[in-house]
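A short worksheet on the structure shown next.
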Amino acid sequence: MKKELLGPCVTFFPQPTTLVSTLSSEAEVNIMTASWAGIVSKTPPTMAVSMHHGRKSYENIKATGEFVVNMVPASLAVEADYCGIRSGRDHDKLATAGLHTEKASVVKVPLIAESPLSVECKFTVEIPLGDYRLLLGEIVEVHAVEGAVGQQGEMDVAAFDPLVYLGGIRQYWSLGEKKADAYKDGLSLDKSS
């Protein structure tokens, strides 16, 4: 496969589209769209989110020590984009986007009611990266839409309908069809069977 050089940039995809909910020290809810988010450790279960240090959400996380990462379903692409380009200092993004909150189980920060998967986090570590900050949070609870998780722990991906962001080209996509199952011992590379 022939490749061309792009130089140092943020073109790497797909990235999950998430809404990070936070509370100010005055208990005002803010949400921001973040695609630089993901699980970075199983033991302890840890979520990472990267954001500019000037963001209202960054200020809130530093003030309260808590945040929630909410998966965005494909049906909320327009709302998620809006929440990523407006500041919570100047706009009530929840009201304008028509989104609602619901009480979390462990942290004081609310979940986004329209999110099929919400991860409650307690802030643990900050790593400066130029103008951005990588914020790590210990996962203290996970909420999944009812009916999405079977009795054996299997998950119905269609129930989540995750939206992904293609960084660098600024597009949102839904996931396509499943290509394979990962097995305990890994996939076989034997093409003869």
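The values are calculated or read from the model by the stated rules, or taken from the named source; none is laboratory data. Every value quoted in this text rests on a predicted model; they were computed, and no experiment measured them. Here Cβ is always computed from backbone atoms with ideal geometry, including for glycine, and neighbour counts include all displayed protein chains. Just so you know, the surface numbers come from the protein's heavy atoms only, side chains and all, with ligands and any DNA or RNA stripped out. Shrake-Rupley method; radii C 1.70, N 1.55, O 1.52, S 1.80 Å.
Worth pointing out:
- Calculated over segment 1-51: convex hull of Cα atoms, volume per residue (Å³): 130
- In the chain, the calculated helix contribution to ellipticity at 222 nm averages -3500 deg cm²/dmol per residue, counting -39,500 (n - 2.57) for every DSSP H run with n ≥ 4.
- Computed from the alpha carbon positions, the gyration tensor of the chain leads to an equivalent ellipsoid with semi-axes of 28, 21, 18 Å, biggest first.
- In plain terms, the chain from residue 154 to residue 2 could stretch by 50.9 nm, reckoned as 0.36 nm per residue minus the Cα-Cα distance.
- Convex hull projection area averaged over all views, segment 43-105, Cα basis, nm²: 5.7
- Lysine pair count for segment 2-100 (Cα-Cα distance under 30 Å; residues 8 or more apart in sequence or on different chains): 4.
- In the elastic network of the chain, a GNM with C-alpha springs shorter than 10 Å, the most mobile of 103, 122, 179 is 179.
- When you count the other C-beta atoms within 10 angstrom of each residue and take the mean per peptide, 135-141, 66-72, 19-25 line up highest first as 66-72, 19-25, 135-141.
- Cα-Cα pairs of segment 106-179 separated by more than 21 Å (percent): 51
- Heavy atoms of residue 181 accessible to a 1.4 Å probe, total area in Å² rounded to 10: 70
- 5 angstrom amide H check on residue 115, placed H, neighbours 5+ away: none
- Gain upon complete extension [residue 141, residue 11; 0.36 nm per residue less C-alpha separation]: 43.7 nm
- Size of segment 94-137 from its Cα atoms: along the principal axes, largest to smallest, the extents are 34, 26, 17 Å.
- In segment 58-161, inverting the average of 1/r over every pair of distinct C-alpha atoms gives 15.2 Å as the Kirkwood radius.
- Taking every C-alpha pair closer than 8 Å and separated by at least 6 residues, the mean separation divided by the residue count of the chain gives a relative contact order of 24 percent.
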